[in-house]
1. Right, residue 115: more than 22 Å from residue 15 (Cα to Cα), touching a Cys at 6+ places or on another chain (Cβ under 6 Å) and at pLDDT below 95 or not?
2. Go through region 17-36 and report how many residues are of a type in the set (Phe, Trp, Tyr) and without any contact (Cβ under 8 Å) to a residue 60 or more places away in the chain.
3. Can we say residue 63 is under 28 Å from residue 13 (Cβ atoms), surrounded by 11 or more Cβ atoms within 10 Å (Cβ to Cβ), among the basic types (Lys, Arg) and in contact with a Phe, Trp or Tyr (Cβ under 7 Å, 6 or more places away or on another chain)?
4. Give the residues of region 66-78 that are buried (at least 17 other Cβ atoms within 10 Å of the Cβ) and either part of a helix (DSSP H, G or I) or modelled with pLDDT under 95 (or both), sorted by residue number.
5. Quick check on my filter: what residues within region 28-82 are of a type in the set (D, E, K, R) and farther than 19 Å from residue 18 by Cβ?
6. Within region 79-102, how many residues are open to solvent by 50 Å² or more (accessible area, probe 1.4 Å) and in contact (Cβ under 8 Å) with a residue 60 or more places away in the chain?
7. Can we say residue 61 is small (Gly, Ala, Ser), part of a helix (DSSP H, G or I) and at pLDDT 95 or above?
8. For region 20-43, name all the residues that are outside any helix (DSSP H, G or I) and either aromatic (Phe, Trp, Tyr) or crowded, with 16+ Cβ neighbours inside 10 Å (or both).
Amino acid sequence: GPVVYAAYLKTEHSDENIKFWMACETYKKTASQWSRTSRAKKLYKVYIQPQSPREINIDSSTREAIIKNIQEPTQACFEEAQKIVYMHMERDSYPRFLKSEMYQKLLKTIQANNNS
């Protein structure tokens with residue numbers, strides 16, 4: 001399921017959302033402060049920084065809070081941005097995915113496998 005959804009997002013040129021969300025999940029499990037700082041800076045460079053390669057759609061106040069927080073990052077550093085991205089996917093791309101040909105094919109495959 002998630003792999004097919006990620007593939008669908010790629011066709012919509014919005015796969016940065018799920019990649020960011022998954023990167024945040026990994027980030028939250030990072031125990032060492034040194035690793036967390038390193039990962040926080042990488043997440044910022046790739047997803048948060050304006051004009052970054054995979055910039056996500058978040059408001060400026062969330063972006064500014066992250067800039068402050070990554071100086072001494074906590075596990076919750078990207079939580080607000082992650083919630084916003086999840087909401088975008090839930091309200092926008094996921095409903096389109098459920099109507100997509102890609103999802104319909106996945107359903108047919110699953111149904112065929114369950115019937116055999």
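The values are calculated or read from the model by the stated rules, or taken from the named source; none is laboratory data. Values in this document were obtained by computation on a predicted structure and should not be read as measured data. No Cβ is skipped: glycine too gets one built from the backbone with ideal geometry, and neighbour counts run over all protein chains shown. Heavy atoms of the whole protein, side chains included, go into the accessibility calculation; ligands, DNA and RNA do not. Shrake-Rupley method; radii C 1.70, N 1.55, O 1.52, S 1.80 Å.
1. Spelling it out, it is not the case that residue 115 is more than 22 Å from residue 15 (Cα to Cα), touching a Cys at 6+ places or on another chain (Cβ under 6 Å) and at pLDDT below 95.
2. 2
3. So residue 63 does not fit the description; no.
4. 66, 69, 70, 73, 77, listed by residue number.
5. If the condition is that a residue be of a type in the set (D, E, K, R) and farther than 19 Å from residue 18 by Cβ, then 36, 41, 59, 63, 64, 68, 72 are the ones that fit.
6. Selection size over region 79-102: 5.
7. yes
8. 30
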